[in-house]
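The values are calculated or read from the model by the stated rules, or taken from the named source; none is laboratory data. These numbers come from a predicted model, not from an experiment. Cβ sites come from the backbone with ideal geometry, for glycine too, and all protein chains shown count toward neighbours.
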Amino acid sequence: MIQAKLFSLGLVVTLLGCNQSPVASQTTNQIETQTASQQQNSFKIATTKNNKQTKSGKQIGQLIDCDNDGQQDDARIDYNDDGIPDECILGNEDSQTQIDDSSYEAAINSLEQLTQDCQESTKTQQYNNYTVCQINGKPVKASESNAEIGDGLGFWFDNGKVIAFQRFHNGELFIFDNDGNLKSTFAENPNTGKLENLAKIPDEERKLVNEIQQNGYQDIFQVFNL
């Protein structure tokens, strides 16, 4: 079952970062800010509108309730990588989980930050090992692996949507945007032997990636009756 889902990317893809310099684009949009009460978080809470500035940052910890609406759907964002939240993006403003995809290591770190406080459960059926990690009763991470073939898949979730998955046998990592579209693909560069962001992938591979994104975790959820 796992084996049928997995195969490596072809090495004909073009790697990002060749003789290109990053260009930062910003828009002059207004951001409404307010200060949290002393009895709650001491950092600034900002509501970012649909015409929000594009910033690079990562989410700190699990979703919390910044605006006292009773919903644990607000994200603390760190923009300068000092480990201190700079802003809280309110969930009712259609916010997007921030994943730092500047490098493979940064992406993995961002994903692990999102799930650092989750409660993990494990089950074994024959040769297959299953895990699911939940925060406030919602899955944020799940995996399926086969000890016999040494392979498997790991998924990360945000509000019930797959935001990333990884192939265990080669470390390939696929990251999706808030609309479910493939945003970043990390695979091995044959010249360096390192996992790097690919500019594009073959159509056949993209189709398989989309299928795994939509259905690859269903067996895991069935095991845990989710």
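The conditions of being modelled with pLDDT of 95 or more, closer than 23 Å to I149 by Cα and crowded, with 17+ Cβ neighbours inside 10 Å are met by L173.
Among residues of the stretch 208-226 being in a loop (DSSP other than H, G, I, E, B) and touching a strand residue (DSSP E or B) at 6+ places or on another chain (Cβ under 9 Å), the one that is modelled with the lowest pLDDT is L226.
The conditions of being hydrophobic (A, V, I, L, M, F, W, C), under 28 Å from A199 (Cα atoms) and either modelled with pLDDT of 60 or more or part of a loop (DSSP other than H, G, I, E, B) (or both) are not met by L63. The set of residues from the stretch 121-148 being closer than 28 Å to I60 by Cβ, exposed (fewer than 15 other Cβ atoms within 10 Å of the Cβ) and modelled with pLDDT under 95 comprises N136, G137. The single condition from (1) crowded, with 19+ Cβ neighbours inside 10 Å; (2) under 23 Å from K58 (Cα atoms); (3) touching a Phe, Trp or Tyr at 6+ places or on another chain (Cβ under 7 Å); (4) not hydrophobic (A, V, I, L, M, F, W, C) that R167 fails is (3). Count of the stretch 81-98 residues, restricted to those that are out of contact with any Gly (no Cβ under 8 Å at 6 or more places or on another chain), at negative phi, modelled with pLDDT of 85 or more and surrounded by fewer than 22 Cβ atoms within 10 Å (Cβ to Cβ), is 2. Each residue in the stretch 187-207 was checked for being assigned to a loop (DSSP other than H, G, I, E, B) and either surrounded by fewer than 18 Cβ atoms within 10 Å (Cβ to Cβ) or of a type in the set (S, T, Y) (or both), and 9 of them qualify.
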